[in-house]
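Peer 1: Have a look at the structure that comes next, please.
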Protein chains: 2
Amino acid sequence: MPSLEVTPTTGIAPEVEQARFLRACRNLPVDRTPIWIMRQAGRYLPEYRALREHYDLLQICEHPELAAEVSLQPLRRFDLDAAILFSDIMIPLRPIGVDLQIVENVGPVIARPIRDAAAVAALRPLEPEADVPYVLQTIRLMRQELGSKTPLIGFAGGPFTLASYLVEGKPSRDFAQTKGLMYTQPETWHALMARLAQVVTRFLQAQVAAGVQAVQLFDSWVGALSPRDYREYVQPYSAAIFQAISTVPTIHFGTDTATLLQEMYQAGGDVIGLDWRIDLDRARQQLGPSAAVQGNLDPTLLLAPGEVWVRQAREILALNGDRPGHIFNLGHGIRPDTPPDAVARLVDTVHGWEGT
Amino acid sequence: MPSLEVTPTTGIAPEVEQARFLRACRNLPVDRTPIWIMRQAGRYLPEYRALREHYDLLQICEHPELAAEVSLQPLRRFDLDAAILFSDIMIPLRPIGVDLQIVENVGPVIARPIRDAAAVAALRPLEPEADVPYVLQTIRLMRQELGSKTPLIGFAGGPFTLASYLVEGKPSRDFAQTKGLMYTQPETWHALMARLAQVVTRFLQAQVAAGVQAVQLFDSWVGALSPRDYREYVQPYSAAIFQAISTVPTIHFGTDTATLLQEMYQAGGDVIGLDWRIDLDRARQQLGPSAAVQGNLDPTLLLAPGEVWVRQAREILALNGDRPGHIFNLGHGIRPDTPPDAVARLVDTVHGWEGT
């Protein structure tokens, strides 16, 4: 097995460790509530769309100079408290044997969906340095650009969410094929989840070694499950991933997860991501004082005039009150039709908040 | 305004009032947990599919003999505790001026989506006896068939869910157009909701007058909203509907509503419908002892072998324990690919449950 190529930027510089975002991840007091935005590098920015006229999504992900450039675009415009690697949750799946396309306005499409034990057995382990060197190189480039000022977040898809794309073969509303495999071939399901947990663990460990200072697990669709199914079919695998990441703060995110928050926190994550469906104070009450939280403005609000959502953003800040451990974010990724000025105003609103 | 044509079957016969389903709606003790299934009349039944070879969905809804026949099909096969009118939540919208098609495998499609005040103003009030006489006639036919043994449930779409179809023009995942109207044209939104609440109220009142013995409000997509948006943009209109229905038990249903249950119960409903995302005991704890609940097995489970889901159905029954006020149901409509034998086994499981 190849050793990780460790660069001088690896590890957390003392200065950046005091950054608001990382202090909030660790549930420590901060001067201002930190904010970053899921999909902050992306289609709502004209400079990103300009680049996309020449390159498709996977081409950008696979070229470190392009991926780093795209990741840095929002930081040039806005006073965001963290950068996030530009990549896609499906990136580590192609090298392990998945015939995958990212189809514009559709999402990930798999030529041969995984529906049986043989298909699971055919997936090979991920060797990040050999399989996704461009991701690690992007991280190294970004660390050089960001210096010790702005923390860099790495990420991976959560095991249920990755499995759902692999089993459905395309984005789904009801996850019937995924649940069908889970219920009717539980051994195949558990084998698939164990493999994906290993892929994700290695991928995140390599990102940490390359220099990210926090990681987020995007188990975006896990809220499709009942709490009992989450506990039986997903929780052990998410727990295995978080247990393997010990040197940087971790964020555990999903949508529709209001009834899974405690289970997700038990699985792991210093910070629990919240969509907009739950009042922030209620989530904190459920999670207890040791958990930090991230969220949770409805992304659709940013399409409306500022007077509508500035009030709501302040309500969210007020619901947190003076508790440490709140990172402001949207409840899901920013929409491509969002005016960039809305992001500037949201960052100002959050940083300017002085309490109720 | 025409008076309601009251038939001899109007009102609740004393015998049927003692039916398990209606007792459970009223939070009274029952000998066995009652069960009915959302979309119990529908595509999973071969006899329904046979009829659909000759008639489309709207044709069936508009012909009382066909609609009554379809409603009764599941009762001939299974020992269900309630019948439900066969209809569609979009039915009362065509006569008020909405150019609507139900497109197979897509859902409701509106030729001219409602996006401004003029479009709202163009909607006219519903006169149920003149506009949807076939629905009321179906109810009368069914009451004759069912006699005093099996209660008959009427229903309507909830105001948010109806508005979402009208504004989006087609089924949506993120309800961006709907929320966009809500946030950017609040007066238009409130006018639309007030009109829809009036349509739904009149429609449900007419169903009650024609003989249904309970009604369910399907606000299926309201879980897309944050609790604060629900309170501001939806709750007053749902409350107005429930306040106008006083003579029969009411059921208030949505999906993704784990964080809205208390708000929905405040708006109204003797029974709160639960999808599978929340453990039933947790929902009851939130709602308090006066609310009955309905649910909440994941419909996808019925595609799996019985040994997988019989255990889960019993867990749900055990979570309720010996509390009155539990109506067993799926967490959403039954899937068209469900084997009918699964329904027979589920009914047996629920009726046969003797406690833990």
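The values are calculated or read from the model by the stated rules, or taken from the named source; none is laboratory data. On a predicted model such as this, the values are computed, not experimentally measured, just so you know. Please note: Cβ atoms are built from the backbone with ideal geometry, for glycine as well, and neighbour counts cover all protein chains shown.
Peer 1: Can we say A:S238 is in contact with a His (Cβ under 8 Å, 6 or more places away or on another chain), in contact (Cβ under 8 Å) with a residue 60 or more places away in the chain, under 25 Å from B:S226 (Cβ atoms) and of a type in the set (G, A, S)?
Peer 2: On the way: in contact with a His (Cβ under 8 Å, 6 or more places away or on another chain): yes; in contact (Cβ under 8 Å) with a residue 60 or more places away in the chain: yes; under 25 Å from B:S226 (Cβ atoms): no; of a type in the set (G, A, S): yes.
No: the conditions fail for A:S238.
Peer 1: Then there's this: Considering segment A:288-305 alone, what residues qualify as being within 14 Å of chain B (Cβ to nearest Cβ) and in contact with a strand residue (DSSP E or B) (Cβ under 8 Å, 6 or more places away or on another chain)? Before you say what the answer is, go through the steps one by one.
Peer 2: Residues of segment A:288-305 within 14 Å of chain B (Cβ to nearest Cβ): A:295-305.
Once the filter is applied, which keeps residues that are within 14 Å of chain B (Cβ to nearest Cβ) and in contact with a strand residue (DSSP E or B) (Cβ under 8 Å, 6 or more places away or on another chain), segment A:288-305 yields A:G295, A:N296, A:L297, A:D298, A:P299, A:L302.
Peer 1: Across segment B:331-348, what is the total count of residues that are of a type in the set (V, I, T) and within 12 Å of chain A (Cβ to nearest Cβ)? Break it down into steps so the answer makes sense when it comes.
Peer 2: As a first pass, look at segment B:331-348 and keep what is of a type in the set (V, I, T): B:334, B:338, B:343, B:347.
When the remaining residues are screened for being within 12 Å of chain A (Cβ to nearest Cβ), the result is B:338.
Number satisfying all stated conditions: 1.
Peer 1: Regarding segment A:202-220, can at least one residue be identified that is in contact with a Gly (Cβ under 8 Å, 6 or more places away or on another chain), within 14 Å of another protein chain (Cβ to nearest Cβ) and either free of Cβ contacts under 8 Å to residues at least 40 places away in the same chain or over 25 Å from A:F86 (Cα atoms) (or both)?
Peer 2: No, segment A:202-220 has no match at all.
Peer 1: Here is a check on your reading of the model: is A:V30 among the hydrophobic types (A, V, I, L, M, F, W, C), outside any loop (DSSP other than H, G, I, E, B) and buried (at least 16 other Cβ atoms within 10 Å of the Cβ)?
Peer 2: Here the answer is no, as A:V30 does not meet what is asked.
Peer 1: In segment B:148-180, which residue that is small (G, A, S) and more than 23 Å from B:A206 (Cα to Cα) is farthest from the other protein chains (Cβ to nearest Cβ)?
Peer 2: Start the filter on segment B:148-180 by keeping residues that are small (G, A, S), which leaves B:148, B:154, B:156-158, B:163-164, B:169, B:172, B:176, B:180.
Cutting the leftovers down to more than 23 Å from B:A206 (Cα to Cα) gives us B:164, B:169, B:172, B:176, B:180.
Details: B:S164: 12, B:G169: 17, B:S172: 11, B:A176: 5, B:G180: 5 Å.
Per the criteria, the residue is B:G169.
Peer 1: Among the hydrophobic types (A, V, I, L, M, F, W, C), surrounded by fewer than 16 Cβ atoms within 10 Å (Cβ to Cβ) and closer than 23 Å to B:Y55 by Cα, is that true of B:A118?
Peer 2: Values: among the hydrophobic types (A, V, I, L, M, F, W, C): yes; surrounded by fewer than 16 Cβ atoms within 10 Å (Cβ to Cβ): yes; closer than 23 Å to B:Y55 by Cα: no.
Spelling it out, it is not the case that B:A118 is among the hydrophobic types (A, V, I, L, M, F, W, C), surrounded by fewer than 16 Cβ atoms within 10 Å (Cβ to Cβ) and closer than 23 Å to B:Y55 by Cα.
Peer 1: Something else: Out of the residues in segment B:338-347 meeting the condition of being in contact (Cβ under 8 Å) with a residue 60 or more places away in the chain and of a type outside the set (S, T, Y), tell me which one is surrounded by the most Cβ atoms within 10 Å (Cβ to Cβ). Let's see the steps before the verdict.
Peer 2: Of all residues in segment B:338-347, those in contact (Cβ under 8 Å) with a residue 60 or more places away in the chain come to B:338-340, B:343-344, B:346-347.
The next check asks that each one be of a type outside the set (S, T, Y); those that pass are B:339-340, B:343-344, B:346-347.
Numbers: B:P339: 12, B:P340: 15, B:V343: 22, B:A344: 13, B:L346: 24, B:V347: 20.
Restricting to residues being in contact (Cβ under 8 Å) with a residue 60 or more places away in the chain and of a type outside the set (S, T, Y), the top hit is B:L346.
Peer 1: In addition: Just one of (1) surrounded by fewer than 23 Cβ atoms within 10 Å (Cβ to Cβ); (2) closer than 30 Å to B:V106 by Cα; (3) of a type outside the set (S, T, N, Q) trips up A:R231, so point out which.
Peer 2: It is condition (2) that A:R231 fails.
Peer 1: So if I check each of A:S246, A:S238, which one is in a loop (DSSP other than H, G, I, E, B) and either away from chain B (no Cβ under 14 Å) or within 25 Å of A:Q312 (Cα to Cα) (or both)?
Peer 2: On the way: A:S238 fails: in a loop (DSSP other than H, G, I, E, B).
None of the others qualify; the one that does is A:S246.
Peer 1: In segment B:253-286, how many are of a type outside the set (A, V, I, L, M), touching a Phe, Trp or Tyr at 6+ places or on another chain (Cβ under 7 Å) and crowded, with 24+ Cβ neighbours inside 10 Å? Before the answer, list the steps.
Peer 2: First, the residues of segment B:253-286 that are of a type outside the set (A, V, I, L, M): B:253-257, B:259, B:262-263, B:265-266, B:268-270, B:273, B:275-277, B:279, B:281-282, B:284-286.
When the remaining residues are screened for being touching a Phe, Trp or Tyr at 6+ places or on another chain (Cβ under 7 Å), the result is B:253, B:263, B:268-269, B:273.
Of the ones still in play, those that are also crowded, with 24+ Cβ neighbours inside 10 Å are B:253, B:269, B:273.
Residues that pass the stated criteria total 3.
Peer 1: Quick check: is even one residue across segment B:184-199 farther than 17 Å from B:L93 by Cβ, in contact with a Pro (Cβ under 8 Å, 6 or more places away or on another chain), within 14 Å of chain A (Cβ to nearest Cβ) and in a helix (DSSP H, G or I)?
Peer 2: yes
Peer 1: Considering every residue within segment B:317-325, establish whether at least one is within 14 Å of chain A (Cβ to nearest Cβ), surrounded by 22 or more Cβ atoms within 10 Å (Cβ to Cβ) and modelled with pLDDT of 95 or more. Give the derivation first.
Peer 2: Filtering segment B:317-325 for residues within 14 Å of chain A (Cβ to nearest Cβ) gives B:317-319.
Subset that is surrounded by 22 or more Cβ atoms within 10 Å (Cβ to Cβ): none.
Checked against the condition, which is being within 14 Å of chain A (Cβ to nearest Cβ), surrounded by 22 or more Cβ atoms within 10 Å (Cβ to Cβ) and modelled with pLDDT of 95 or more, segment B:317-325 yields no hits at all.
Residues are listed down the side, and each one gets a yes or a no for (1) in a helix (DSSP H, G or I); (2) more than 11 Å from chain B (Cβ to nearest Cβ); (3) free of Cβ contacts under 8 Å to residues at least 24 places away in the same chain:
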site	(1), (2), (3)
A:I272	no, yes, yes
A:A283	yes, no, no
A:Q312	yes, no, yes
A:N329	no, yes, no
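Peer 1: Of all residues in segment A:171-186, count the ones that are touching a residue at least 60 places away in the same chain (Cβ under 8 Å) and under 21 Å from A:A118 (Cβ atoms).
Peer 2: Restricting attention to segment A:171-186, the residues satisfying the condition of being touching a residue at least 60 places away in the same chain (Cβ under 8 Å) are A:171, A:177, A:181, A:185.
Checking which are under 21 Å from A:A118 (Cβ atoms) leaves us with A:177, A:181, A:185.
Counting residues in segment A:171-186 that are touching a residue at least 60 places away in the same chain (Cβ under 8 Å) and under 21 Å from A:A118 (Cβ atoms) gives 3.
Peer 1: Considering only segment B:331-352, state which residues are touching a Pro at 6+ places or on another chain (Cβ under 9 Å) and either modelled with pLDDT under 95 or not in a helix (DSSP H, G or I) (or both).
Peer 2: Result: B:G331, B:H332, B:G333, B:I334, B:R335, B:T338.
Peer 1: How about segment B:49-71: which of its residues are at pLDDT 95 or above and in contact with a strand residue (DSSP E or B) (Cβ under 7 Å, 6 or more places away or on another chain)?
Peer 2: B:S71
Peer 1: Take the residues in segment B:221-233 that are farther than 18 Å from B:L166 by Cβ and of a type in the set (G, A, S); name whichever of them is nearest to the other protein chains (Cβ to nearest Cβ).
Peer 2: B:S226
Peer 1: So in segment B:73-111, with the set limited to residues that are of a type in the set (S, T, N, Q) and not in a loop (DSSP other than H, G, I, E, B), which one is farthest from B:Q59 (Cα to Cα)?
Peer 2: B:Q73
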